[in-house]
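Take a look at the structure below.
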Amino acid sequence: MHIIDLKGLTKRYGNFVAVDNLDLTIQKGEVFGLLGPNGAGKSTTILMMLGLTEPTAGEVRVCGIDSTVNPIEVKRRVGYLPDDVGFYEHLSGRENLLYTARLNRLSWLEAEARVDRLLQRVGLQDAASKKAGKYSRGMRQRLGLADVLVKNPEVIILDEPTLGIDPLGVREFLELIVTLSREEHITVLLSSHHLHQVQQVCDRVGIFVAGKLLAQGNIAALSKALFSDGEPYIIEAGINAGGNAGAAEALLSSLRQLAGVVSVQFDEGSLRIGSTHDVTADVARAVVLSGLGLKRLSIKEYGLDDIYNRYFEGGEVYGKTA
Amino acid sequence: MTSITDILKEVRYMEKPHNALEQLKVRPWVTRMTNRISGYMASVRDRRMRAVVHPFWVIVQKEIADHVRSWRFNVLLFLILLTCFGSLYTSITNLMEETAKSKDDNDPFFFLKLFTLSDGTLPPFHVFIGFLGPLLGIGLGFDAINSEQQAGTLSRIMAQPIHRDYLINAKFTAALMVIGIMFFSLGFLVMGFGMVIIGIPPTAEEFLRVVFFLLLSVLYVAFWLNLSVLLSIRFRQAATSALTAIAIWLFFTVFYQIIVNLIARALMPSGAVSPQQLVGYEQFILNLMRIVPSQLYTDATTTLLVPSVRSLGPLTMEQAYGAIPSPLPLGQSLMIVWPQLTGLIAATVVCFALSYVSFMRREIRSR
């Protein structure tokens, strides 16, 4: 069963379409990354999932419950960490969490036990009695994660959770999220415009530009879908030609005849072969047969960066038409 | 059987405090009782620790704690305490002269003068409350919602499984409880001090009149509280909403009178007019004045605290003819202020409904 199920979701502000006919399903227990530039409609989608704003059209079901009709039940099961989360600054971190716990109908005893366990978990036990106003950005974010976990959620939604934390803090934070997801089987929806972070932790990624979900899937599937027309695989090889220009020429022509090879370039001992599928083994065999020395051979897969850039070019176009 | 003399002996022995303490320590029934009490307290505490409190009351608890701990409330409390004792002082000093002058030994509402008497240097208690009450209401409400929005806590709280209206209802309830407790304790303090100083207890009717006066004051502050909560929803910046609230307050207390006076002068019937026209004119001007909540409040409080007030509008000779110049009973005074009371309640409810509607339809984003 899908834990998050969006069907034809649309949100308009006047003439501006923030979310445009969005279909999205997320499986239980996966870490899904919602990737897109600022103002793409990520936050609006999240707000609609929590029933904090009403969709213009379409349907949102979270944990099988319609968020628009019954937001309370959804909010009982879903933890939401807004971007730039705030706490009551005159209360300590622990008191802030206790307040959230009691809003979730925990008794004082249960609340204390759970809050102390979570503070330990996110590594804030030493700062528990410090005023939340004195927390650093990274600490606040970790407190936010504990705050989200207080209600024992089935799903957690994190909106730009790593914004403004230093790189080390980001890595720790993301590791914490992944561990949580694995250990407690929590579904995580993470919105971000940071590619590397999403690539690091997410099982699946959806690319979201100008209110539309352009593509979704894991990184490999995305790159395949995106570059199927051109050269999704680039193979680079170092060749020791040693002045044997004739053999090199013969190698190039034999490489060009390989099935799937689209382009071959040779420049001062390094080969660059673009192909439609993985032809590394064939290239290696051809080089060895040609009698030239093979110094190195590597295959380059596209990362999210390339995928994102490629889509973002599209996004610019969308931006102009929108 | 222990005889009476034994008990008496024991009681006499216990008269000295240190002896009594000594004895209490060795008496078995004392230890039994203290054990039972502490056991009961522990079970109460335990039950409270295990009890699941409704989220609404969790918010109310937090809001009350916030108010009571805040500098803002304590400064306002200090201000009100100061003026309260100032006016108590002037009323008591004047009370002596007043009684000496009037020689009216059987004024049935002597005690109420504590709240109304003044020599002109410092306004009496009820005028002070009428003046500072709005400030208190505005002070407790002007940043109710927008400060949470600014701090980024609003979206976090709204992501908890609570209905959206719990937040504003709870904020309103909490502020109202704080104001209520404060006004009632202040009013009773003034009564207590008055009793100690002048040595006369209030009659039951006087007591009831004071209670109604305090209720009315709470209601009046509730109006301003609701208005400022509405503004705090409407404006994103706390400073804007505070300034707007104060502007409305100033407009009603200062400028509105001037405007009404201008209108009155323009509409003044000239030359020979019938008495009916004159009465109608007076009534119209009075009604204009009564749009202002502070006017409603003043009308209502004076009627409640000065029982000799028998009408708030113009009285014709026929109406006044034959009236016995005695104070009105409480029921009659309440009848007179009933329209004022309804007006205040209506204004409060309108503000509350407006804030409710605008908050429920709002999209809640972080910061």
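Numerical summary
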quantity: Meets criteria (among the acidic types (D, E), within 10 Å of chain A (Cβ to nearest Cβ) and closer than 15 Å to B:V178 by Cβ) for B:D46; calculated: no
quantity: Residues that are assigned to a loop (DSSP other than H, G, I, E, B) and within 13 Å of chain B (Cβ to nearest Cβ), drawn from region A:45-66; calculated: A:L50, A:G51, A:L52, A:T53, A:E54, A:P55, A:T56, A:C63
quantity: Residues that are assigned to a helix (DSSP H, G or I) and within 15 Å of the chain's Cα centre (by Cα), drawn from region A:1-44; calculated: A:K42, A:S43
quantity: Residue list for region A:141-164, restricted to those being in contact with a strand residue (DSSP E or B) (Cβ under 8 Å, 6 or more places away or on another chain) and open to solvent by 60 Å² or more (accessible area, probe 1.4 Å); calculated: A:E154
quantity: Test: residue in region A:56-78 that is of a type in the set (D, E) and either out of contact with any strand residue (DSSP E or B) (no Cβ under 8 Å at 6 or more places or on another chain) or under 17 Å from A:P161 (Cα atoms) (or both); calculated: no
quantity: Residue in region A:82-96 that is touching a residue at least 40 places away in the same chain (Cβ under 8 Å), of a type outside the set (D, E), open to solvent by 20 Å² or more (accessible area, probe 1.4 Å) and under 29 Å from A:I26 (Cα atoms) present; calculated: no
quantity: Residue satisfying all of: in region A:124-140; away from chain B (no Cβ under 12 Å) and open to solvent by less than 40 Å² (accessible area, probe 1.4 Å); farthest from A:L98 (Cα to Cα) among these; calculated: A:G138
quantity: Residue count for region B:136-157, restricted to those that are hydrophobic (A, V, I, L, M, F, W, C), within 12 Å of chain A (Cβ to nearest Cβ) and crowded, with 22+ Cβ neighbours inside 10 Å; calculated: 1
quantity: Restricting region B:55-96 to residues that are among the aromatic types (F, W, Y) and either touching a strand residue (DSSP E or B) at 6+ places or on another chain (Cβ under 9 Å) or open to solvent by 20 Å² or more (accessible area, probe 1.4 Å) (or both), the residue that is farthest from the other protein chains (Cβ to nearest Cβ); calculated: B:Y89
quantity: Single match in B:P293, B:P314, B:P325, B:P307 (criterion: within 20 Å of B:F125 (Cβ to Cβ), in the same structural domain as B:V260 (by TED's automatic domain parsing) and modelled with pLDDT under 85); calculated: B:P307
quantity: Selection count, region A:104-123, where residues are within 14 Å of chain B (Cβ to nearest Cβ) and farther than 22 Å from A:K75 by Cβ; calculated: 3
quantity: Search result, residues across region B:350-367 that are out of contact with any helix residue (DSSP H, G or I) (no Cβ under 8 Å at 6 or more places or on another chain) and surrounded by 13 or more Cβ atoms within 10 Å (Cβ to Cβ); calculated: B:V350
quantity: Subset of region A:271-286 that is touching a Ser or Thr at 6+ places or on another chain (Cβ under 8 Å) and farther than 18 Å from A:E249 by Cβ - its residue that is most open to solvent (accessible area, probe 1.4 Å); calculated: A:T276
quantity: Region A:67-81, subset in a helix (DSSP H, G or I) and touching a residue at least 24 places away in the same chain (Cβ under 8 Å), residue surrounded by the fewest Cβ atoms within 10 Å (Cβ to Cβ); calculated: A:R77
quantity: Test: B:T99 is over 30 Å from B:W249 (Cα atoms), surrounded by fewer than 17 Cβ atoms within 10 Å (Cβ to Cβ) and modelled with pLDDT of 80 or more; calculated: no
quantity: Residue count, region B:209-249 (criterion: closer than 30 Å to B:L112 by Cα and open to solvent by 10 Å² or more (accessible area, probe 1.4 Å)); calculated: 7
quantity: Of the criteria (1) closer than 20 Å to B:G152 by Cα; (2) open to solvent by 10 Å² or more (accessible area, probe 1.4 Å), which one A:H194 fails; calculated: (1)
quantity: Top-ranked residue in region B:11-43 [being modelled with pLDDT of 85 or more, open to solvent by 100 Å² or more (accessible area, probe 1.4 Å) and farther than 30 Å from A:L106 by Cα; ranked as nearest to the other protein chains (Cβ to nearest Cβ)]; calculated: B:N35
quantity: Among the residues listed as A:V115, A:V209, the single one being more than 29 Å from A:F16 (Cβ to Cβ) and among the β-branched types (V, I, T); calculated: A:V115
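For (1) in a loop (DSSP other than H, G, I, E, B); (2) in contact with a His (Cβ under 7 Å, 6 or more places away or on another chain), each residue gets a yes or a no:
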site: A:I156; (1), (2): no, no
site: A:T162; (1), (2): yes, yes
site: A:I165; (1), (2): yes, no
site: A:F173; (1), (2): no, no
site: A:R182; (1), (2): no, no
site: A:S191; (1), (2): no, no
site: A:V198; (1), (2): no, no
site: A:I207; (1), (2): no, no
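The values are calculated or read from the model by the stated rules, or taken from the named source; none is laboratory data. Not measured: the values here are computed from a predicted model. Cβ atoms come from the backbone with ideal geometry, glycine included; neighbour counts cover every protein chain shown. The area values use the complete protein model at the heavy-atom level, side chains included, leaving out ligands, DNA and RNA. Shrake-Rupley method; radii C 1.70, N 1.55, O 1.52, S 1.80 Å.
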